[in-house]
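I have placed the structure first, in the form of structure tokens, so that the comments after it can refer back to it.
Nothing in this text is a laboratory measurement; each read-out follows from the coordinates by a stated rule. Quick caveat, the model's predicted, so the values are computed rather than measured. FYI the Cβ positions are ideal-geometry reconstructions off the backbone, even for glycines, and counts take in every protein chain you see.
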Amino acid sequence: MLKSAIGHSSDPDSEMAIAEVLEQCHASLNNAPQPKAGILFAAYDFDHALILQKIKAHFPNIALIGSTSYGEISSVLGFEQDSIVLLLLCSDTIDMQAGVGRNVSKDLSLASQQAIQQAVGTLVQVPQLCITTPESLTVSCATILESLQQALGKSFPIVGGFAAEPWTFEKTYQFFDTEVLTDAVPVLLLFGDVRYSTGVACGWEPIGKPAQITKVEGKTVYEIDGEPALNFLEHSLGGRTPSAEYPLAVFEPRNELFYLRGCVGYDKEFGTVSALADVPLNATVQVSQASRQNILDATQTSIQKAIDSYPGEKPAIALFFTCCCRQQILGTYTGKEFFFGQNALGNDIPIVGFYTYGEIAPLVRDCDSKLHQMTFVTVLIGAE
């Protein structure tokens with residue numbers, strides 16, 4: 001059995017907001033077992049320390065993680081900005097434990113190992129799923145995910161989203177227990193008879209000719225097919241200026257599957273292009289484009305993929321991790337992402353999620369998880 005409770009408040013006062021959230025959670029729990037874990041997504045300007053302390057005072061034994069967000073989603077209020085949403089998970093068949101790695105910018109490998117080791121603890125069971133809400137600004141998101149994947153093992157399923165903030169790119173916060181952290185990687189591991197599925201879709205379609213990354217340093221792309229990266233993008237876009245609306249589609253080796261890297265800046269003097277995250281050397285790339293309708297269609301595709309591949313009778317919870325860039329492009333249409341999910345899943349499957357600085361999920365089951373951008377990730381979890 002897996003049961004969830006969700007509280008969601010848009011009250012700007014931190015104390016009032018968390019009181020409303022906790023009241024909603026208690027009402028939803030009814031006669032369910034005490035929750036084992038909690039995940040909190042909160043807008044940037046709340047008193048996060050106060051909120052965490054109030055949660056732990058009500059549920060002292062839960063494993064609690066989370067992060068700041070660019071927008072929040074739940075089946076209580078739908079899509080909101082400047083709100084807080086708390087997910088509580090209860091189960092008599094699934095164990096849940098949390099861990100955190102600190103100072104990822106100083107020793108990422110050690111931080112990842114510490115987070116996993118703390119979460120595993122003394123359990124002899126093998127973990128089945130990892131949910132994480134890591135730092136996104138002090139260290140490359142792609143590198144953080146690679147480090148977590150190494151700590152957990154090849155093809156171990158990792159899902160989640162990177163902490164976000166109000167598009168200033170100054171500082172994000174991660175939550176663990178009652179601590180408000182930065183430069184950290186919190187994880188929640190699920191053990192036992194966990195059923196899960198994922199769906200990944202973006203809506204962007206590659207255009208122009210495929211080419212190869214021939215010179216790159218982290219997020220800075222210098223050359224594509226031996227020519228300045230900026231020249232390649234401008235040519236592919238018919239002279240238009242590169243922007244986040246035209247990300248690079250990065251293809252998996254010998255595969256038609258791809259993930260996106262948003263282009264957020266360029267240098268005309270040196271011909272370089274700045275991506276939102278690392279781009280691999282020698283990767284095959286194409287410029288991509290999408291309309292609002294394409295983006296919304298992809299939301300439905302992601303959700304349906306997860307529904308079709310769920311390996312049980314019925315999931316207990318749906319998690320949505322979607323990109324802040326999608327929100328900026330969709331504008332007033334952003335709320336449709338939640339409504340598509342509710343229509344596909346029905347009113348009896350709770351939904352919770354947030355707008356991230358990077359989404360985490362495998363492109364296909366039993367493969368390494370990837371860092372996505374401009375993408376809608378659906379995760380369905382259950383015990384039956």
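Using only side-chain charges placed at the Cβ, +1 for Lys and Arg and -1 for Asp and Glu, the dipole size of region 205-288 relative to its Cα centre rounds to 40 debye. Find the percent of Cα-Cα distances in region 205-288 that exceed 19 Å, and round it to a whole number. Percentage above 19 Å: 22. Once each part is reduced to its C-alpha centroid, what is the distance from region 116-137 to region 238-256 in angstrom? Rounded to whole Å, the Cα centres lie 33 Å apart.
Exposure proxy shown here: for 202, 323, 130, 367, the number of other Cβ atoms within 10 Å sets the order, fewest to most, as 367, 130, 202, 323. When +1 charges are put on Lys and Arg Cβ atoms and -1 charges on Asp and Glu Cβ atoms, the dipole computed for the chain relative to its Cα centre reaches about 620 debye. Farthest towards the positive end of the charge dipole of the chain, among the residues 152, 138, 325, is the Cα of 152, using unit charges on the Cβ of Lys, Arg, Asp and Glu. So for the chain, taking the charge dipole from beta-carbon charges (+1 Lys/Arg, -1 Asp/Glu), which of 176, 109, 61 sits furthest toward the positive end? Value: 109. Ordered by the number of other Cβ atoms lying within 10 Å of each residue's own Cβ, fewest first, 75, 140 fall into the sequence 140, 75.
I'm spelling it out carefully: the read-out is Rg/Rh (Cα atoms, Kirkwood Rh), the candidates are (i) 0.99; (ii) 1.04; (iii) 0.96, and one was derived from this structure. Which label? Computed from the coordinates, Rg/Rh (Cα atoms, Kirkwood Rh) corresponds to (iii). Listed by chain and number, the lysines whose alpha-carbon sits under 27 Å from that of residue 171, ignoring those within fewer than 8 places in the same chain, are 54, 56, 106, 219, 370. The amide H of residue 208, built 1.01 Å from its N in the peptide plane, has no neighbour under 5 Å, considering only residues 5 or more places off or on other chains. Sorting 120, 21 by the number of Cβ atoms found within 10 Å of their own Cβ, with the fewest placed first, yields 120, 21.
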